[in-house]
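Working notes for the structure below.
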Amino acid sequence: MGLLAPNYEDYPDFSKTTSPQLPAAQLATKVIQKIATNPANKPDADESLLKQQHLHIIIQSATILVDSAPLVFQVPDGFDSVRFYESPVHVTSSGNDDDLIAMRAGGCTLDPPTALVDKLNPGDQVTYTARWVTSRFADVASKRVQRAVYAEFFKSQTTTTTTTKY
């Protein structure tokens, strides 16, 4: 039995230009979508020998994180903050259900690492590197599974405090 396709109706609709859960000053947003695909994973010769010797329990428990190619997002004019969202992982046209089992989403890294908390300037670049969890013994070709990455840029709300001396 094959795996069921993800239900995208459960995920935010990024086609709109407003985000109702944000305060009024943050309603204008710009969303940019890019696709993160899995990198190739090839066991070395010693690992292949272990696999041939039927050490499946050890093989399945040896998980690693591998990074996809970095996705670079540039801060558009009029925005100073970003948040990221991802779609579920799904098989590409060259992949199959086994690839979906072998490669799972494993978070991400950001450069600069403080991009989610610091104010950004228009033109700044934020690099998003999707991470994948796999067995170090899995033999998976690249670009077999993918997930969409959405960068939502917005203008942060700034508050000014004034004090009056009497």
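The values are calculated or read from the model by the stated rules, or taken from the named source; none is laboratory data. All values reported here derive from a predicted model rather than from experimental measurement. So basically every Cβ, Gly included, is an ideal-geometry build from the backbone, and we count neighbours across all protein chains shown.
Before moving on, here are some points about what is shown:
- Restricting attention to the range 82-120, the residues that are touching a Leu at 6+ places or on another chain (Cβ under 9 Å) and aliphatic (A, V, I, L, M) total 7.
- Taken together, the residues in the range 78-92 that are farther than 14 Å from VAL117 by Cα and polar (S, T, N, Q) amount to 2.
- For the range 121-133, the candidate set comprises residues that are crowded, with 21+ Cβ neighbours inside 10 Å and not small (Gly, Ala, Ser); within that set, the residue that is modelled with the highest pLDDT is TYR128.
- Enumeration of residues in the range 63-85 that are under 28 Å from SER156 (Cβ atoms), surrounded by 15 or more Cβ atoms within 10 Å (Cβ to Cβ) and among the polar types (S, T, N, Q): SER81
- Hey, ALA105 within 24 Å of ASN38 (Cα to Cα) and either modelled with pLDDT of 95 or more or of a type in the set (Lys, Arg) (or both) or not: no
- Long-range neighbours under 7 Å by Cβ, at least six apart or interchain, first residue farther than 17 Å from VAL82 by Cα and surrounded by 11 or more Cβ atoms within 10 Å (Cβ to Cβ) within the range 20-42, second modelled with pLDDT under 85 and of a type in the set (Gly, Ala, Ser): ASN41/ALA138
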